[in-house]
1. If residue 393 passes every condition in (1) in the same structural domain as residue 253 (by TED's automatic domain parsing); (2) without any contact (Cβ under 8 Å) to a residue 12 or more places away in the chain; (3) touching a strand residue (DSSP E or B) at 6+ places or on another chain (Cβ under 7 Å) but one, which one does it miss?
2. Which condition number does residue 124 fail, the rest of (1) outside any helix (DSSP H, G or I); (2) under 26 Å from residue 281 (Cα atoms); (3) more than 8 Å from the ligand (Cβ to nearest atom) being met?
3. Looking at (1) farther than 30 Å from residue 325 by Cβ; (2) within 11 Å of the ligand (Cβ to nearest atom); (3) not in a loop (DSSP other than H, G, I, E, B), which is the one condition that is false for residue 49?
4. Find the strands (runs of 3 or more DSSP E) located wholly in the stretch 276-363 whose residues include 2 or more that are away from the ligand (no atom under 16 Å from the Cβ) and either out of contact with any helix residue (DSSP H, G or I) (no Cβ under 8 Å at 6 or more places or on another chain) or within 22 Å of residue 378 (Cα to Cα) (or both), and list them.
5. Among the residues of the stretch 132-157, count how many are more than 9 Å from the ligand (Cβ to nearest atom) and out of contact with any helix residue (DSSP H, G or I) (no Cβ under 8 Å at 6 or more places or on another chain).
6. Testing residue 67 on (1) in a loop (DSSP other than H, G, I, E, B); (2) within 11 Å of the ligand (Cβ to nearest atom); (3) buried (at least 21 other Cβ atoms within 10 Å of the Cβ), one condition comes back false. Which one is that?
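The values are calculated or read from the model by the stated rules, or taken from the named source; none is laboratory data. All values reported here derive from a predicted model rather than from experimental measurement. We place every Cβ from the backbone using ideal geometry, glycine too, and count neighbours over all the protein chains shown.
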Ligand SMILES: Cc1cc2nc3c(=O)[nH]c(=O)nc-3n(C[C@H](O)[C@H](O)[C@H](O)COP(=O)(O)OP(=O)(O)OC[C@H]3O[C@@H](n4cnc5c(N)ncnc54)[C@H](O)[C@@H]3O)c2cc1C
């Protein structure tokens, strides 16, 4: 794959997207050269197409001239998916940011890929509807990026992830054909399920240009509890047990002592001094449903002598959520870099996972914090390092490898929502057996014979 885009090619691209919608200016390219990993790969040009037809023309040109095309939403990905590792063109979807249809009667929305998740949530509010996938990055990440990573969020424990809400698509294939998949109906089983093949394909099989989304009625009310524990094993055992007690929280978010230390000052009133871990537990539904769940939850907490408090109003609830959503950026107050993993284990194995990471941190003399979606076993393990410190970098990489091996041993998976991208590609064979890996590569080859679309991602040595 070569990445030299000469003047003639740039002119052709400019003609496709129109004046002002393509840049090769170094200072602008640098804004499209990084993502949530902090790694940097400079593209040769960035295009801002406005229609599926323009994207199709770009991909046809890319096949003719053999240059890489890398789709990019908001660039908040945590595994390098939007980085142009082989050079070429970044295709930014920021201009394609319209909500095309809101159909409250059939509870669907049709959106362009550049719509920001949080903007869609706001637009749905006045119709008393929600689009449940709610990544902590919802204020800035795009629906196209969410679909490409199959993003999840705190409410996944009750409502599921992006895959459960995208029912149909319009896509441009890597060879430049426009294609639609899926349905606009609640059910549909006609032919192979291409929609769900594309969800989570990390921008390697197609570019989404329209997404048909399933919506749900907005829950009437919520009750938010902050549950604190004096010991880490108590918290993780509780998280595993609560789901088995017929209590269905809409979120069950966990923070260990170190995670609390980086955002704790934002939590008011202050936490009990002996807090070693906490759970942010939310119930939602109709008033009667929430009251019913509370009647189960409170005795459950009280019988076990577990300390908790209740968010008395919307302001206190927002405060708690703001603290939870700021953990990821706040971790940089500990060390300048991190190896950020989003492994998933069966819920009953969360205590083993957390104990393992504590032992690992001690043995390798590293700061490792754990937080995240305890309700579905998706724990964010953040290994904090200074990349310029050779010992920390080496030990961080050792910690990550041992973590992955242990997760697989527990019957878990390497990623619950961030995907593989470039950061985990070398570990794919730990989880995916050789036959399945070969089938995945054949699928990529079928859709993208010239390896134009987002090369160098997911598969080990894929460039
Ligand atoms: C502070 C913070 C908190 C986060 N919290 C969460 C969380 O709770 N849950 C979670 O799941 N993730 C989380 N993330 C990760 C990230 O926000 C998600 O992966 C998100 O889905 C990426 O969206 P984006 O628009 O930024 O995509 P980008 O980073 O721009 O791209 C991500 C991938 O999608 C592809 N892509 C983008 N648009 C398209 C398109 N139109 N067609 C095809 N492929 C496309 C890209 O090529 C790339 O492979 C968090 C990130 C940060 C920085």
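1. Just one mismatch for residue 393, condition (1).
2. Only one criterion is unmet by residue 124, namely (1).
3. The single condition residue 49 does not satisfy is (3).
4. Where strands (runs of 3 or more DSSP E) fall fully within the stretch 276-363 and carry at least 2 residues being away from the ligand (no atom under 16 Å from the Cβ) and either out of contact with any helix residue (DSSP H, G or I) (no Cβ under 8 Å at 6 or more places or on another chain) or within 22 Å of residue 378 (Cα to Cα) (or both), they are 277-285, 307-310.
5. 1
6. Going through (1) in a loop (DSSP other than H, G, I, E, B); (2) within 11 Å of the ligand (Cβ to nearest atom); (3) buried (at least 21 other Cβ atoms within 10 Å of the Cβ) one by one, residue 67 breaks only (2).
Yes or no, residue by residue, for (1) crowded, with 22+ Cβ neighbours inside 10 Å; (2) in contact (Cβ under 8 Å) with a residue 40 or more places away in the chain; (3) touching a strand residue (DSSP E or B) at 6+ places or on another chain (Cβ under 6 Å):
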position	(1), (2), (3)
26	no, no, no
49	yes, yes, no
83	yes, yes, no
94	no, yes, no
98	no, no, no
103	no, no, no
107	no, yes, no
